[in-house]
1. Return yes when residue 295 is touching a strand residue (DSSP E or B) at 6+ places or on another chain (Cβ under 9 Å), at pLDDT below 95 and not in a strand (DSSP E or B) and no when it is not.
2. Are any residues in the range 132-162 open to solvent by 10 Å² or more (accessible area, probe 1.4 Å) and assigned to a strand (DSSP E or B), and if so, which ones?
3. Filter the range 70-88 down to the residues that are under 17 Å from residue 286 (Cα atoms) and crowded, with 20+ Cβ neighbours inside 10 Å and list them by number.
4. Give the residue that is nearest to residue 258 (Cα to Cα), with candidates limited to residues of the range 134-177 that are more than 16 Å from the ligand (Cβ to nearest atom) and among the aliphatic types (A, V, I, L, M).
5. Filter the range 107-130 down to the residues that are in contact with a Lys or Arg (Cβ under 9 Å, 6 or more places away or on another chain) and open to solvent by less than 10 Å² (accessible area, probe 1.4 Å), then identify the one that is farthest from residue 281 (Cα to Cα).
6. Taking residue 165 as meeting all but one of (1) open to solvent by 40 Å² or more (accessible area, probe 1.4 Å); (2) over 30 Å from residue 348 (Cβ atoms), write down the number of the exception.
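The values are calculated or read from the model by the stated rules, or taken from the named source; none is laboratory data. Keep in mind it's a predicted model, so treat the numbers as computed, not measured. So basically every Cβ, Gly included, is an ideal-geometry build from the backbone, and we count neighbours across all protein chains shown. For the accessible areas, the whole protein counts, side chains as well, though only heavy atoms, and no ligand, DNA or RNA atoms are used. Shrake-Rupley method; radii C 1.70, N 1.55, O 1.52, S 1.80 Å.
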Amino acid sequence: MKIKSSILLSIVALVIFVIASPFIFNKSVTITDPHKLDADGNFILNEWVPTRDGAGPDWDYNLKPVQVSDKVWCFFGAMEMPTKENAGDMSNSCYIQGDTEWIAWDSGPSYVFAEQAYAAMSKIAKLPVKTVIISHEHDDHWLGNNYYKEVHGAKIIGPHSINANYYGPREIDGKKYPGMQTRMIKTLYQDAIRKTTLVQVDEHFKDTTEFEISGMKMEYVKVGYAHSEEDWFLYLPEEKVVLVADVVMNGRVTSNRDGLIIGQLNALKAIKARDWNHLVAGHGFITDRTAADESIQYFTYIKDRVLEGIEEEIHPDDITKHVTLEEFRNKDLYYLLSPGNVFRAYEELEMYEGDDEDDEDDEEEEEE
Ligand SMILES: [Zn+2]
């Protein structure tokens, strides 16, 4: 009798679950008009939705390049999460002028974005893009790659993690798919995301590498697992500019969902060790010598305070109440992202055994 009622209960629960599933899972499962899709409802979706290649003119990103130094221009995105309203234009990307070509640093959230970025840069100098250099695998930074590949025949230099974690166009059971449906591909209006496909990185390096492209000296610095599984930044010694992407953000709270606090702090150290006058973050508008300060402060506070909380044996469920990072309350995305960062830091720092510098006393080991 007891067993029967539990089976009945399971069936009832299952029926409720099935009825509720369109609300629990992604809205696009039941929505046929892609214009109605919204950002939050479309973050993770394992089923395929039809390619949203519809009618209407391309989204106008209204891109205005900002000159950062003699040979570097950047596009600065909104301080928001990707939404259909900003069409994914919420990260920063740059153009570096070589003698005979442009070099692109990150390619933005879509093909249409990259196409319009190039059109804007062509008004400054009509040069082709032969090389695109990518900072990390998050899709607001590299979905313009296939524009440069298809139209300019550009070589894509970037982290190996893009090739490992994302796949490009492919065929399953005779059906053609344009590639994995990343967050942007699910979130954006078809007028912004059309023509975007995932292309692989052509060249990746094992470690920090110096090279010269079209007369421009560069150091492509590997910082490893920091903001994502594999982060790189680009240092231009002659320009005294460093393009760092998401290991630095200013004016907003970072998302450390995929990152590591200790990796972040190491990346910031490597950035500080270079001689630069301008820094372009992955998100945020500050480009002077203070541009990395907020990030340094944020990650230092989060590390110190979470470690303190662990020491005081604060329960993980309470750590976000204990570590609130008040100094950042007025920054964009604080309420959305900061508690998650703290919780993630707790998971990471619970295992943390201290800096190498602090490890000099072996007493603890000898106690056993
Ligand atoms: Zn990122």
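1. On the way: touching a strand residue (DSSP E or B) at 6+ places or on another chain (Cβ under 9 Å): yes; at pLDDT below 95: no; not in a strand (DSSP E or B): yes.
When the stated conditions are applied, residue 295 does not pass them.
2. Within the range 132-162, 155 is the sole residue that qualifies.
3. Hits for the range 70-88 are 72, 73, 74, 75, 76, 77.
4. 164
5. Top of the filtered list is 112.
6. Here residue 165 clears every test but (2).
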